[in-house]
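S.K.: Structure below; questions to follow.
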Amino acid sequence: MMDVSELGESARYLRQGYQDLMKVHTVPWDGKKRVWVPDEQDAYVEAEIKSEATGGRVNVETKDQKMLMVREAELQPMNPPRFDLLEDMAMMTHLNEAAVLHNLRQRYARWMIYVSHGPGCRRWG
């Protein structure tokens, strides 16, 4: 594993340290229940499925503990935490609008503004 400090003073803006990434990547995860749901203010919010679909609708509880009934077609699957803060987003298991937005938000909050979207592509941020 490369020591991030070898990249110079700007390294903290390009990559997270190994220990910092491990804190993010090892959060407990239940992939069958975690989804993104549309939200008027934040575009998508994290939610957990509380009941299976009946009549095309699913009960979910958002991260801020709001109970919603959402059409099943509006749900977008979440990636496991090991995919958080990815530089190459083409590596995501679920490459959907909510997952890309979440990754960009996480990286931006940590000043890790450069990402790519596949092999051989120029970086964008």
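S.K.: So, in nm, how far is label E61 from label T93 when the simple model puts each one 7 Å beyond its Cα toward the Cβ?
M.R.: 2.2
S.K.: Quick one: net charge of T62's neighbours, Cβ under 15 Å, K/R +1, D/E -1?
M.R.: For residues surrounding T62, the net value is -3.
S.K.: Moving on. Treat each spin label as a single point 7 Å out from the Cα along the C-beta direction, and report the S51 to Q76 distance in nm.
M.R.: With each label point 7 Å from Cα toward Cβ, the separation is 2.7 nm.
S.K.: Any idea how far the Cα center of the range 80-104 sits from the one of the range 31-48, in Å?
M.R.: The range 80-104 and the range 31-48 have Cα centres spaced 14 Å from each other.
S.K.: Here's something else I'd like to know. How high is the relative contact order of the range 31-115, in percent, counting Cα pairs under 8 Å that sit 6 or more residues apart?
M.R.: Once normalised by length, the contact order is 22 percent.
Here, each number is a calculation from the coordinates, and none is a lab measurement. If you're wondering where the values come from, they're calculated on a predicted model, not measured in any experiment. Ideal geometry is used to build each Cβ from the backbone, glycine not excepted, and the neighbour counts take in all protein chains shown.
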